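Shown next, in structure tokens, is the structure this report addresses.
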Ligand SMILES: [Zn+2]
């Protein structure tokens, strides 16, 4: 007899971009959870997994346009990053695509960088 309920927690189909996003988030969480000692010990695998995701990114994403970085948006992982932004409460910058930048800006989550030319001493 067949079981009616699937053992899988998700039944909906995933797109290739969504699958790639899951892998990026997993890698990022894996690195975030490491102690300094683990971080040092996993350097080879960290570099290999970065290269592996880079290969997959090039297969899944449309060819890069002028002005796009070689890495995907760190917010949605659905397209190449085009902006470097600072989010409220974050100490490091975020690489993101223009739609995510606009979204973060609308939500008031961005720290807008002052114009470099306005500071004259
Ligand atoms: Zn994005």
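Does residue 97 satisfy the criteria of being surrounded by 15 or more Cβ atoms within 10 Å (Cβ to Cβ), within 12 Å of the chain's Cα centre (by Cα) and under 26 Å from residue 56 (Cβ atoms)?
On the way: surrounded by 15 or more Cβ atoms within 10 Å (Cβ to Cβ): yes; within 12 Å of the chain's Cα centre (by Cα): yes; under 26 Å from residue 56 (Cβ atoms): yes.
Against the criterion (surrounded by 15 or more Cβ atoms within 10 Å (Cβ to Cβ), within 12 Å of the chain's Cα centre (by Cα) and under 26 Å from residue 56 (Cβ atoms)), residue 97 qualifies.
Name the single residue, out of those in segment 57-69 being within 15 Å of the ligand (Cβ to nearest atom) and farther than 15 Å from residue 19 by Cα, that is surrounded by the most Cβ atoms within 10 Å (Cβ to Cβ).
Filtering segment 57-69 for residues that are within 15 Å of the ligand (Cβ to nearest atom) and farther than 15 Å from residue 19 by Cα, the one surrounded by the most Cβ atoms within 10 Å (Cβ to Cβ) comes out as 68.
If we scan segment 39-54, do we find a residue that is touching a residue at least 24 places away in the same chain (Cβ under 8 Å) and on the phi < 0 side of the Ramachandran plot? Full working, then the answer.
Within segment 39-54, the first condition is being touching a residue at least 24 places away in the same chain (Cβ under 8 Å), and the residues that meet it are 53.
With on the phi < 0 side of the Ramachandran plot added as a condition, the list becomes 53.
Checked against the condition, which is being touching a residue at least 24 places away in the same chain (Cβ under 8 Å) and on the phi < 0 side of the Ramachandran plot, segment 39-54 yields at least one hit.
Can you name the residue in segment 75-93 that is over 15 Å from residue 109 (Cα atoms) and part of a loop (DSSP other than H, G, I, E, B) and is also nearest to the ligand (Cβ to nearest atom) among such residues?
For segment 75-93, the residue satisfying everything is 76.
Can you name every residue in segment 49-67 that is more than 15 Å from residue 28 (Cβ to Cβ) and more than 14 Å from the chain's Cα centre (by Cα)?
Matches in segment 49-67: 51, 55, 58, 59, 60, 62, 63, 64, 65, 66, 67.
Look at residue 52 and say whether it is surrounded by 12 or more Cβ atoms within 10 Å (Cβ to Cβ) and not assigned by TED's automatic domain parsing to the domain that holds residue 77. Steps first, answer last, please.
Numbers: surrounded by 12 or more Cβ atoms within 10 Å (Cβ to Cβ): yes; not assigned by TED's automatic domain parsing to the domain that holds residue 77: yes.
Yes, satisfied.
The values are calculated or read from the model by the stated rules, or taken from the named source; none is laboratory data. On a predicted model such as this, the values are computed, not experimentally measured, just so you know. Cβ sites come from the backbone with ideal geometry, for glycine too, and all protein chains shown count toward neighbours.
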